[in-house]
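Chemist: This is the structure, below, for whatever I ask next.
The values are calculated or read from the model by the stated rules, or taken from the named source; none is laboratory data. Predicted model, so just to flag it, every value in this text is computed and none were measured. Positions of Cβ are generated from backbone atoms using ideal geometry, with glycine treated the same way; all protein chains shown enter the neighbour counts. For the accessible areas, the whole protein counts, side chains as well, though only heavy atoms, and no ligand, DNA or RNA atoms are used. Shrake-Rupley method; radii C 1.70, N 1.55, O 1.52, S 1.80 Å.
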Amino acid sequence: MTHTFSRSSYFAILVGLSLTLSTCGVNPVTKKHELQLVSESQEIAIGTQNYSPARQSQGGDYVLDPELTAYVQSVGDKLAAVSDRKLPYEYKVINDSVPNAWAMPGGKIAFNRGLLYELHSEAELAAVMGHEMVHAAARHGAKGMERGILLQGAMIAVGIGAQNSDYANLIVGGAQTGIQLISSKYGRDAESESDLYGMQYMKKAGYDPTAAVTLQETFVRLSEGKKSNFIEGLFASHPPSPERVAANKATLAQVGAGGDWGKEVYAQKTAKLRATQGAYKAYDEAKKALNEKNIDKAKTLVDQAIKIEPREAHFQELLGDIAMTQKKNQEALACYDKAIKMQPDYFKPHIQSGIALFNMGKKAEAEPYLKRANELLPTAPGHALLGQLAEERGDINGALQHYQVAASSNSDIGKDAIARAVKIDLPRNPGKYIQAGAQADGAGNLYAVVQNGTPVAVNRVVVRVVKYDARTGRAVGQSGLLTINDVAPGKRNQVAVGTRVSSAKEVGLYKVVVESAQLAQ
């Protein structure tokens, strides 16, 4: 039984296209003819809509060194100037220690802070940037979406894959789309194209494409060791291989070695970042210790991180999480307040503040924090708690809307949101949740059967059985009201109608209508 509030780990987005309107176009990079169901304007709109939520889900932007972000943007601009496709490219640095980079349709590109530690020259940065730029320019993300359209009609089924966020399974609504866009693996052809044309962009922009070869060789060595945190980052979606190294060497022979490496300028531009690397290492270890319930170790490590870099909002946020674990809500709120002042546009201290205030019974104070958090990144806790607040105010429709969004989370919070939605909506719309039909036993006795498609027990399901004429299809009779008691979650129950039938075909002439139902006490 499906209903409005069914829980799912998938979120379907409508791209507004019909297969009957499919067009053939020329790929702007490869110059090959291909089916194009997603237009350039739609690519740009999808990237624009999902760029910020995707960054939020992975730690938010790294804001402590604006000069570093400007430097990354300058490298991207050099490559964009020689690229095959003019898009509104954007480049951001994400505050995450996992070495990774990704591109969205429409030219939205991001580098994790952790990847910048691992590179040693501007040419290597350009190698990764060029590769990601080709993914956008050559429509690799768009083509992945188009394959989804071909498989799913006009819908693209996407899942949740923000593996680097402790809110990974709690991201809901449209934000789930962005997570899928950056966590999907590209095919071998897409990776080969990005390597090939990315090296060409490097050469045209004045960089030595040799860096793409040596960097790929390094990646292969790291992947063979299987100890690097590249495994959960860049390698998950961009797996290195000896074949890619060989292909890059062949490309190098074609385009020619020589060009700028920029080792000195890269070292200079990343100096501030590297100086605080120890702080983030301590912070990452503190998060791990907190997950392992080692509170004292977590507190010691985060204090070390703050001594090295006192301006980092994430460190204050983690202190708040530690206090929350100890049920020190007031202390947690003070830490989250510091984090918000340091970085106002990151979702997590807002949602955590809202949860802390809600737990303290200060629900009116919690509401603006929950709303702001959902504006930045919609999550199941945010919508579930706002649903409870709406329900307490008597705003049933508003509560149902919030519960519906929260229910899309594959989590205990999502399950609870479904149950809450059912409790307030089932008495009003029982037919939405309870499936009903007619069935006969071996002796021809007719029964009205109902199935409870909800996670809550239902009692006193009142039904009416209507008989239709086989020739005209019109109703020709109906039973009195019949009551079916004790229908457990996901289970069936039945009641005898008091009528006998002679065949399965005759059973089909009877329809069972659910008139009302009550929740079991």
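Chemist: Which value in Å does the Kirkwood hydrodynamic radius of region 444-486 take, with 1/r averaged over all unlike C-alpha pairs and then inverted?
Modeler: 12.4
Chemist: In terms of modelled amide H atoms, which long-range or inter-chain residues lie less than 5 Å from the amide H of residue 379?
Modeler: HN-HN under 5 Å from residue 379: 172.
Chemist: Continuing with the same structure: Just to verify a number: what accessible area does residue 311 come out at with the full protein assembly present, 1.4 Å probe, Å² rounded to tens?
Modeler: Near enough 130 Å² of accessible area.
Chemist: Given 329, 251, 289, which one lies farthest toward the positive end of the charge dipole of region 229-364, if we put +1 on the Cβ of every Lys and Arg and -1 on the Cβ of every Asp and Glu?
Modeler: 329
Chemist: Here's something else I'd like to know. Towards the positive end of the charge dipole of the chain, with charges on Cβ (+1 Lys, Arg; -1 Asp, Glu), say which of 503, 349, 168 has the farthest Cα.
Modeler: Among 503, 349, 168, the one farthest towards the positive end of the dipole of the chain is 503.
Chemist: List the relative contact order of region 357-515 as a percent without decimals, with contacts defined as Cα pairs under 8 Å and 6+ residues apart.
Modeler: Rounded, it is 19 percent for region 357-515.
Chemist: Here's another thing I want to ask about it. What is the magnitude of the charge dipole of the chain about its Cα centre, with +1 placed on the Cβ of each Lys and Arg, -1 on the Cβ of each Asp and Glu, and no other charges, expressed in debye to the nearest 20?
Modeler: 1460
Chemist: Then there's this: Given a 1.4 Å probe, how much area per residue of the chain is accessible, in Å²?
Modeler: Per residue, the chain has 44 Å² of solvent-accessible surface.
Chemist: Shifting gears a bit: With the calculation restricted to Cα positions, what are the radius of gyration and Dmax of the chain in angstrom?
Modeler: 28.4, 90
Chemist: Sticking with this structure for a sec: Over the alpha-carbon set of region 40-152, divide Rg by the Kirkwood Rh and report the Rg/Rh ratio to two decimals.
Modeler: 0.97
Chemist: Still on this structure, I have one more. Which whole-number percentage describes the relative contact order of the chain, with Cα contacts under 8 Å and a sequence gap of 6 or more?
Modeler: About 13 percent, as a whole number.
Chemist: May I have the pair-distance distribution P(r) for region 426-521, computed from all Cα-Cα distances with 5 Å bins from 0 and rounded to whole percent?
Modeler: 3, 14, 26, 22, 16, 11, 6, 1, 0
Chemist: How much of the accessible area of the chain, probe 1.4 Å, is carbon plus sulfur, in whole percent?
Modeler: Carbon plus sulfur share of accessible area: 50 percent.
Chemist: Please give every one of the aspartates and glutamates within straight-line cross-link reach of residue 86, meaning a C-alpha to C-alpha distance under 16 Å, and leave out same-chain neighbours fewer than 8 residues apart.
Modeler: Correct list for residue 86: 40, 43, 77, 132.
Chemist: For region 352-406, what does the convex hull of the Cα positions come to per residue, in cubic angstrom?
Modeler: 60
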